[in-house]
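Scroll down for the structure; my scribbles are underneath it.
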Amino acid sequence: MHPISARIGGILTALALLATVPHEYGGGQGFAVVAAGLLVAALLMFSLTARLSRLTFVAVGVALIAWAAATRQGWAEATLTALTRGGFIIALFTALSALRSAAIGSQAILDCGRFLARQPPGRRYLALTVGGHLFGLILLYGSISLLGSLAAESTARETDPELRRHRLRRMLVAIQRGFASTLCWSPMALSMAVTLSVVPGASWPGAVGLCLVSSALMISIGWLLDSVLKPQLSAPPPPRAVETDGWLSRLRPLLVLLGIVVAGVMALHKGTGVAVTGAVMTVVPLVAMAWILILPPLPGGRAATLAARIGQFATRDLAGYRGEIILLFMAGFIGSLGSWLLVPIMQAHGPDLSAAPPLLILAALVWTIPLTGQIGMNPILAVSLLVPMLPAPMALGIHPTAMVVAITGGWAISGNTSPFTASVLLVGKLGGVEARHAGTVWNGLYAVTAAAALTLWVLVAATIL
């Protein structure tokens, strides 16, 4: 049972989503101001029960406001912009969390995950990578929690501890890499939403094709390395029964849910002209409610079930995400206000980045984002802080899409390696190892290989655009 302060914070966060959606349709700045105010109140409520590590980010944000007020004119407007940026991130997170909460309670979705976890060794890695990718589109890093728990459940029956250890590690990294590859292209990923907001002239329809190539590269490299670097066991593993059910029939619930979401988002985007992220924030909660209505109802009927689940989402589920909400909001806020403070300093005293080779800047983005993740910078913070300090793509003579490909590729690698990201923390916990071990030992070679391949791909993309 969460404290009343966390429950109130969850309600305020849900209300902030409702206030943000009209703003995405050109409803005026007032909606964004209301959403930001609600989220500030939510953060105050969440902070009463938050860990010290989360409150540190709040303290940094307050210090930035004080710095801005003491040194710069226009600080109030810049602070409001930063609050709006943080509010937008949390509104998108809230919308996606609604779908995650609805889908994860579906027996059909759980059966899809068990089917993937029971695949035989010859195709298990690829099955779990593709499954982690598909589940990640809907559940975000909840896909690691769901599939990872099923993987642990599956390997717990192994009597050989050596085989159990290796099998669990390979299953977990397959799931994690599949999820992380969604960060390259998914319109429902925070990586794409934040990147599009900081790269002038970029759009999801214009970037998705090339970003899908990045995703395919990451999946292929992971599968190849797993195939080549199989552990040498002291005894051959026992034979396993082969699943005879058809893939399409077992994965149909997940594929149908994905199809409805993607079709709805693209139809709304094309029909109204609203940005893809705005369409996501509109369609996803509606799909979540529809999904709840088609599930077996609780006593009292479907309407009562829907009302109960909405109340549970606001007062329990969002309250349970209070640590993530504080971190995500403050990462967006600190990145926005911090870049506003630092850009003039860089222009006056820093190196002239406009004179640097554009291709070198693109290559550096692929490596810088995961490297900053090793020292505790959330990718939202790194991208929001660093990218605005770069010259605009057009000023560098490169296409905005090339910069999107570089940023999202680096973000995806950070999702595999940074011990401060939720995905790596989850994998480490499920695997019984430290998060840094899961990120750098289990995924170190993969990260370096993927970064090298993505760097080459970014350079090729920049050349052909």
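The values are calculated or read from the model by the stated rules, or taken from the named source; none is laboratory data. No experiment lies behind these values; they were computed from the predicted model shown. Cβ atoms come from the backbone with ideal geometry, glycine included; neighbour counts cover every protein chain shown. Side chains included, ligands, DNA and RNA excluded: accessible areas come from the protein's heavy atoms. Shrake-Rupley method; radii C 1.70, N 1.55, O 1.52, S 1.80 Å.
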Please work out how much accessible surface His166 shows to a 1.4 Å probe, ignoring ligands, DNA and RNA, in Å² rounded to 10.
40 Å²
So what's the net charge close to Phe329: Lys and Arg +1, Asp and Glu -1, counting the other residues with Cβ under 11 Å from its Cβ?
+2
Shape of segment 1-88, Cα gyration tensor, a/c cut at 1.5:
oblate
Could you give the alpha-carbon Rg of segment 266-316 over 2.2 N^0.38 Å, rounded to two decimals?
1.41
Mind listing the phi-derived Karplus ³J(HN,Hα) values for segment 192-202, rounded to whole Hz, using 6.51, -1.76 and 1.60 with θ = phi - 60°, and x for any glycine or proline?
6, 4, 5, 4, 5, 6, 10, 10, x, x, 8
How much length, in nm to one decimal, is gained on full extension between Glu162 and Ile4, taken as 0.36 nm per residue of separation minus their Cα-Cα distance?
52.3 nm
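Would you kindly state how much longer the chain becomes between Ser220 and Ala308 on full extension, computed as 0.36 nm times their sequence separation minus their alpha carbon distance, in nm to one decimal?
Once the chain is fully extended between Ser220 and Ala308, it gains 27.4 nm.
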Cut-off 15 Å, label point 7 angstrom out along Cα-to-Cβ of Ala452: give me the residues of segment 347-380 whose amide nitrogen falls inside.
367
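How big is the equivalent ellipsoid of segment 1-159 along its three axes, where each semi-axis is √(5λ) from the Cα gyration tensor, reported in whole Å from largest to smallest?
Its equivalent ellipsoid spans semi-axes of 39, 18, 16 Å.
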Using a Förster distance of 45 Å, the FRET efficiency for Arg51-Glu153 (Cβ separation, nearest 0.05)
0.95
Go from 0 up to the bin containing the longest alpha carbon distance in segment 240-399, width 5 Å each, and give me the % of pairs per bin.
1, 7, 9, 10, 12, 13, 13, 11, 9, 6, 4, 2, 1, 0
Given only helices, namely DSSP H runs of n ≥ 4 each adding -39500 (n - 2.57), what is the per-residue ellipticity at 222 nm of the chain, to the nearest 500 deg cm²/dmol?
-25500 deg cm²/dmol
Kindly give the semi-axes, whole Å and largest first, of the ellipsoid equivalent to segment 362-428, taking each as the square root of 5 times a Cα gyration tensor eigenvalue.
24, 11, 8
Largest-first ordering by accessible area, 1.4 Å probe, given options Glu153, Glu24:
Glu153, Glu24
In terms of the Cα gyration tensor, with a ≥ b ≥ c the square roots of its eigenvalues, is the chain rounded because a/c is under 1.5, prolate because a/b exceeds b/c, or oblate?
oblate
Of the convex hull drawn through the C-alpha atoms of segment 107-256, the volume per residue in Å³ is 116 Å³
Over the chain, average the accessible area per residue using a 1.4 Å probe and give it in Å², no decimals.
41 Å²
Find, to one decimal place in angstroms, the Kirkwood hydrodynamic radius of segment 67-129, where the mean of 1/r is taken over every pair of different Cα atoms and then inverted.
15.7 Å
Ignoring everything but the protein chains, give the 1.4 Å probe accessible area of Ile104 in square angstrom, nearest 10.
70 Å²
